[in-house]
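Asks: Okay, here's the structure, questions in a sec.
The values are calculated or read from the model by the stated rules, or taken from the named source; none is laboratory data. Quick caveat: nothing in here was measured; it's all calculated off a predicted structure. Here the Cβ is made from the backbone with ideal geometry for all residues, glycine too, and neighbour counts use every protein chain on show. Just the protein is used for accessible areas: all its heavy atoms, side chains included, with ligands, DNA and RNA removed. Shrake-Rupley method; radii C 1.70, N 1.55, O 1.52, S 1.80 Å.
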Amino acid sequence: MPKDTVPRGSNRLFSRGLTTVAVATVGLFLASFLFANSSLNRGVVLTMLPFASALAIAGLGQTLVVMQGGIDLSVAGGFSLYVVIVTKYPAGDNSRLFAALAIAVAAAIAAGMVNGFLVGRMRLNPIVATLGTNALLYGAVLWYTAGIPTTTTARLAHLGSKLWLGIPAPAYIAVATTLLVTAVVKLTPPGRRFEGVGANETAALTSGIYTRRYRGGAYVWAQLLYCLAAILHASIVNQPTAYEGDNYLLPSVAAVVLGGTSLLGGRGNLVATAIAALFLSQLDQFVLALGVTYATRTLVQAAALAAGVALYTIDWGAIGRRLPGRRPISVAPT
Amino acid sequence: MRDRRKGALLVFAVVSGAVLLAAATSSARTAAVPSWCGAKKITLGLTDGFGGNSWRLVTTASARDEAKKCPSVTSLTYADGQGNTQKAISDIQGMVAKGVNALVVFPDAGKAILPALRSAYKQGVVTVPYRVTPGGKAGVDYNVFIDTNFSKAGEAWGKWILRVLPKGGNVLMLSGPKGNSQGVDENKGLHKILDPSHKYTFIGEKPFEVTNWDPALTQKVLSADIAKYPKIDVIVSDFGPSLVGALPEFTKSGRKIPALATSDGNVLGCFWKTHHAANPTFKLFTVSTQNDHARLAIDWAVALATGGKKPPTTHFPAPSFEDSTTGKPHPVECYPNLPGDIYLSAELSPKVQAKLVKK
């Protein structure tokens, strides 16, 4: 590609990550069709899509943090907390649902600000800081529920099971959220500055951007997205436990990695993350439908993650050049 | 006039006499000390490896309720290990240091707890682990282990399946984490009853589909199985309430909910009540979730420490609870106004449980 045709910044429509994950997802659905036909049954797809939607939204949050060179391990605690708030606070009473949603959002902002303060302002290592916040959030979960699950309110469950044009409502919410977050990051000036800070903080600082605000702000937006994902999750699962977030920690990071966003920060592939969430969810159903044992299922999922990481981080060209026989010059024996 | 007054006095005397008599008998009834409660005054400790769910809350409350029946127990201290083995061990050591006379332990961490149990036992504390085996030997490492035979639950399910599906069929079993001993034993009991007839096919992963007792995973696993197996005649699960979110997958796929052999829970009973009319194949059988296992452990600990009479057995039974086809021992029960996470098979009343869970 000649240099002058490369668009400025990262406005390219199809990044490497997006292409890769889109091809992989199409390939997976093809494999599902060929080898595990039952995983494409209407009933299974209708179960898988809402979970994929919640994971996609949580993955978007994680992507924002990773774009700032961070990582958010408090997704587990935060997610669990928002799930229990929107189930236990109303405790079956539809009229209290709205208040519960408001409390969950407030809690998300508070949790995000703690992370943002520790990482953006105090310059703590994000792994340590968010691990600490995670423990705090789980403390709040246990204090609030004593670990006891509550059945989802009927009105919320209605959202999770509703079909619009034969597609579950959460899928529409995930698509809309992905488009909105992508538009804000890629098309608005604050969004461009956000990406710039992640790519090179020093350069951003010298060009007069108040970088701390963006570094810390990523965690607040991330928690808000986890909160939305948690609300969807609570609407899908009839009686969520107090530990639902645990099931989102590794997959949310995996979605980011498979989507091609570098863990070192910088450009984020938000759409690719959302598609990677679909990939991971279908992979779950694919291996379930294959009927392999639980051990194999776990291995397949781990292998997918490893392949994703390897795809983007290993310099395959360099390895190719190092292969014997491909060496341009051979070293003479001494 | 005078006679009337006399008559009134007589009536008064009779009534008050009757009241007194009733009061005396009722107080005699409440004061009836169980045989396992001896005369020696003791303090009692109760430690849990993990206390954070409704089943544990009800179980702990059952243990407290049982201890209250014995006036010789002057105090009961409880500690929750919160899923942390280190804490569970130091809880036991702490209880011993405090000088409890008897200690009832739910050793979730299994053999890791054994040294702490042994040291408590060697220091003269009556030590009674229950439900999860800590290894070791009674009389060497602790006084007595109060177990339950999970394969009996499997046998009960198997016998019910023989009765409601006499022509045979496809059996799908779901349990918790891979290889958990409860699920493995239940599966053995199930095979013991069903295999001789050669009419039942076990489908899905062997010995059981792994759900980690997690409702979200249960939902995914069940929807995959529904798509894969066009014919599922009965589902066997050792955690009935976690199926409530997953069973509607049958309806979504345009199929009827099959028969279900599982453990009880209010939420499940209520689910059956609302769905069985539209799903004629949805027959329900439950065994008790065994919250009262803790009561037997308390009985033993108190009997040994106070010098009371030992209970006749160290094995807690797996009693059947509900059967939608016969109504015996109980018809399916549902308290729609009480929380879903209460266990109607427990001795503790539903209202008391509801208060615990709602707190």
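Asks: Just checking, does the stretch A:171-190 include any residue being open to solvent by less than 20 Å² (accessible area, probe 1.4 Å) and within 14 Å of chain B (Cβ to nearest Cβ)?
Replies: Looking for residues that are open to solvent by less than 20 Å² (accessible area, probe 1.4 Å) and within 14 Å of chain B (Cβ to nearest Cβ), one finds none in the stretch A:171-190, hence no.
Asks: Look through the stretch A:269-295, keep the residues that are not hydroxyl-bearing (Ser, Thr, Tyr) and not in a helix (DSSP H, G or I), and return whichever of them is nearest to the chain's Cα centre (by Cα).
Replies: A:Asn269
Asks: If you don't mind, another one. Just to be sure before I move on: is B:Thr325 away from chain A (no Cβ under 12 Å), touching a residue at least 12 places away in the same chain (Cβ under 8 Å), over 24 Å from A:Ala154 (Cβ atoms) and more than 22 Å from the chain's Cα centre (by Cα) in the structure I sent?
Replies: On the way: away from chain A (no Cβ under 12 Å): yes; touching a residue at least 12 places away in the same chain (Cβ under 8 Å): yes; over 24 Å from A:Ala154 (Cβ atoms): yes; more than 22 Å from the chain's Cα centre (by Cα): yes.
When the stated conditions are applied, B:Thr325 passes them.
Asks: I've got another one for you. Residues in the stretch A:259-268: is at least one in a helix (DSSP H, G or I) and within 19 Å of the chain's Cα centre (by Cα)? Let's see the steps before the verdict.
Replies: Step one: list which residues in the stretch A:259-268 are in a helix (DSSP H, G or I), which gives none.
No, the conditions are met nowhere in the stretch A:259-268.
Asks: Here is a follow-up. Could you please give the count of residues in the stretch B:204-221 that are more than 7 Å from chain A (Cβ to nearest Cβ), of a type outside the set (S, T, N, Q) and in contact with a Gly (Cβ under 9 Å, 6 or more places away or on another chain)?
Replies: Residues meeting the conditions: 4.
Asks: State the number of residues belonging to the stretch A:118-141 that are surrounded by fewer than 16 Cβ atoms within 10 Å (Cβ to Cβ) and either of a type outside the set (A, V, I, L, M) or within 14 Å of chain B (Cβ to nearest Cβ) (or both).
Replies: So the answer is 5.
Asks: Condition first: more than 14 Å from chain B (Cβ to nearest Cβ) and at pLDDT 90 or above. Now tell me which residues in the stretch A:260-292 satisfy that. Outline the logic, then answer.
Replies: Initial filter on the stretch A:260-292 (more than 14 Å from chain B (Cβ to nearest Cβ)): A:260-279.
Within the stretch A:260-292, A:Leu270, A:Val271, A:Ala272, A:Thr273, A:Ala274, A:Ile275, A:Ala276, A:Ala277, A:Leu278, A:Phe279 meet the criteria.
Asks: Would you confirm whether or not the stretch A:120-127 contains a residue that is of a type in the set (D, E, K, R) and farther than 23 Å from A:Val175 by Cα? Before the answer, list the steps.
Replies: Taking the stretch A:120-127 and keeping what is of a type in the set (D, E, K, R), we get A:121, A:123.
Going one step further and asking which of them are farther than 23 Å from A:Val175 by Cα, we end up with A:121, A:123.
Yes; the residues of the stretch A:120-127 include at least one that is of a type in the set (D, E, K, R) and farther than 23 Å from A:Val175 by Cα.
Asks: Okay, next question. So, in the stretch B:222-239, of the ones that are over 20 Å from the mean Cα position of the chain (by Cα) and assigned to a loop (DSSP other than H, G, I, E, B), which residue ends up farthest from the other protein chains (Cβ to nearest Cβ)?
Replies: By that ranking, first place goes to B:Asp233.
Asks: Report those helices (runs of 4 or more DSSP H) wholly inside the stretch B:240-359 carrying at least 1 residues which are under 22 Å from B:Leu76 (Cβ atoms). Explain how you work it out, then say what you get.
Replies: Working: elements: B:248-252, B:266-275, B:293-306, B:350-358.
The qualifying helices (runs of 4 or more DSSP H) are B:293-306, B:350-358.
Asks: Related question: Would the stretch B:45-64 turn up any residue that is among the basic types (Lys, Arg) and in contact with a Pro (Cβ under 8 Å, 6 or more places away or on another chain)?
Replies: In the first step, residues of the stretch B:45-64 are kept if they are among the basic types (Lys, Arg); the result is B:56, B:64.
Among the residues that remain, those that are also in contact with a Pro (Cβ under 8 Å, 6 or more places away or on another chain) are: none.
The answer is no, given that none of the residues of the stretch B:45-64 is among the basic types (Lys, Arg) and in contact with a Pro (Cβ under 8 Å, 6 or more places away or on another chain).
Asks: Could you please give the count of residues in the stretch B:53-65 that are away from chain A (no Cβ under 14 Å) and open to solvent by less than 10 Å² (accessible area, probe 1.4 Å)? Show your work before the answer.
Replies: Within the stretch B:53-65, the first condition is being away from chain A (no Cβ under 14 Å), and the residues that meet it are B:62-65.
Checking which are open to solvent by less than 10 Å² (accessible area, probe 1.4 Å) leaves us with B:62-63.
Qualifying residue count, the stretch B:53-65: 2.
Asks: Could you identify the single residue in B:Asn143, B:Asn149 that is within 23 Å of B:Pro312 (Cα to Cα), of a type outside the set (D, E, K, R) and touching a Leu at 6+ places or on another chain (Cβ under 7 Å)?
Replies: B:Asn143
Asks: With B:His191, B:His293 as the choices, which residue is more than 13 Å from chain A (Cβ to nearest Cβ), touching a Lys or Arg at 6+ places or on another chain (Cβ under 6 Å) and not charged (D, E, K, R)?
Replies: Values: B:His191 fails: touching a Lys or Arg at 6+ places or on another chain (Cβ under 6 Å).
Of B:His191, B:His293, the one residue that is more than 13 Å from chain A (Cβ to nearest Cβ), touching a Lys or Arg at 6+ places or on another chain (Cβ under 6 Å) and not charged (D, E, K, R) is B:His293.
Asks: Do you know which residues across the stretch A:220-231 are within 14 Å of chain B (Cβ to nearest Cβ) and under 16 Å from A:Ala102 (Cβ atoms)?
Replies: Once the filter is applied, which keeps residues that are within 14 Å of chain B (Cβ to nearest Cβ) and under 16 Å from A:Ala102 (Cβ atoms), the stretch A:220-231 yields only A:Ala230.
Asks: Further question on the same structure: Is it fair to say A:Asn115 is at pLDDT 90 or above and crowded, with 20+ Cβ neighbours inside 10 Å?
Replies: So A:Asn115 fits the description; yes.
Asks: Still on this model: Out of everything in the stretch B:30-52 that is open to solvent by 30 Å² or more (accessible area, probe 1.4 Å) and either small (Gly, Ala, Ser) or free of Cβ contacts under 8 Å to residues at least 12 places away in the same chain (or both), what residue ends up being farthest from the other protein chains (Cβ to nearest Cβ)?
Replies: Here the residue is B:Ala39.
Asks: OK, next. Report yes if some residue within the stretch A:147-165 is open to solvent by less than 30 Å² (accessible area, probe 1.4 Å), away from chain B (no Cβ under 14 Å), touching a residue at least 40 places away in the same chain (Cβ under 8 Å) and touching a helix residue (DSSP H, G or I) at 6+ places or on another chain (Cβ under 6 Å); otherwise report no.
Replies: No: the stretch A:147-165 contains no residue that is open to solvent by less than 30 Å² (accessible area, probe 1.4 Å), away from chain B (no Cβ under 14 Å), touching a residue at least 40 places away in the same chain (Cβ under 8 Å) and touching a helix residue (DSSP H, G or I) at 6+ places or on another chain (Cβ under 6 Å).
Asks: Follow-up question, since we're still on this one. Across the stretch A:39-55, which residue is modelled with the lowest pLDDT among those that are surrounded by 21 or more Cβ atoms within 10 Å (Cβ to Cβ), over 17 Å from A:Thr273 (Cβ atoms) and not β-branched (Val, Ile, Thr)?
Replies: Among those residues, the one meeting the criterion is A:Ser39.
Asks: Answer yes or no as to whether B:Tyr335 is surrounded by fewer than 19 Cβ atoms within 10 Å (Cβ to Cβ), closer than 23 Å to A:Thr145 by Cβ and modelled with pLDDT of 90 or more.
Replies: Spelling it out, B:Tyr335 is indeed surrounded by fewer than 19 Cβ atoms within 10 Å (Cβ to Cβ), closer than 23 Å to A:Thr145 by Cβ and modelled with pLDDT of 90 or more.
Asks: For the stretch A:232-239, check the following and say yes or no: at least one residue is in a helix (DSSP H, G or I), open to solvent by 40 Å² or more (accessible area, probe 1.4 Å), within 14 Å of chain B (Cβ to nearest Cβ) and closer than 30 Å to A:Thr150 by Cα.
Replies: First, pick out the residues of the stretch A:232-239 that are in a helix (DSSP H, G or I): A:232-236.
Those still in the list that are open to solvent by 40 Å² or more (accessible area, probe 1.4 Å) too: none.
Scanning the stretch A:232-239 turns up no residue that is in a helix (DSSP H, G or I), open to solvent by 40 Å² or more (accessible area, probe 1.4 Å), within 14 Å of chain B (Cβ to nearest Cβ) and closer than 30 Å to A:Thr150 by Cα.
Asks: Any idea which of B:Pro215, B:Pro230, B:Pro207 is of a type outside the set (Gly, Ala, Ser) and touching a strand residue (DSSP E or B) at 6+ places or on another chain (Cβ under 9 Å)? Don't jump to the end; show me each part of the working.
Replies: Numbers: B:Pro215 fails: touching a strand residue (DSSP E or B) at 6+ places or on another chain (Cβ under 9 Å); B:Pro230 fails: touching a strand residue (DSSP E or B) at 6+ places or on another chain (Cβ under 9 Å).
Result: B:Pro207 is the single residue among B:Pro215, B:Pro230, B:Pro207 that is of a type outside the set (Gly, Ala, Ser) and touching a strand residue (DSSP E or B) at 6+ places or on another chain (Cβ under 9 Å).
Asks: Okay, moving on. Just to verify a result, which residue in the stretch B:167-195, among those that are of a type in the set (A, V, I, L, M, F, W, C) and either touching a strand residue (DSSP E or B) at 6+ places or on another chain (Cβ under 9 Å) or not in a helix (DSSP H, G or I) (or both), is most open to solvent (accessible area, probe 1.4 Å)?
Replies: B:Val184
Asks: Looking at (1) among the hydroxyl-bearing types (Ser, Thr, Tyr); (2) under 17 Å from A:Ala91 (Cβ atoms); (3) out of contact with any Asp or Glu (no Cβ under 9 Å at 6 or more places or on another chain), can you tell me which one A:Ser161 breaks?
Replies: That leaves (2) as the condition not met.
Residue by residue, here is whether (1) buried (at least 17 other Cβ atoms within 10 Å of the Cβ); (2) within 14 Å of chain B (Cβ to nearest Cβ); (3) polar (S, T, N, Q); (4) in contact (Cβ under 8 Å) with a residue 60 or more places away in the chain holds:
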| position | (1), (2), (3), (4) |
| --- | --- |
| A:Leu64 | yes, no, no, yes |
| A:Gln68 | yes, no, yes, yes |
| A:Leu81 | yes, no, no, yes |
| A:Asn94 | no, no, yes, yes |
| A:Ala99 | no, no, no, no |
| A:Ala102 | no, no, no, no |
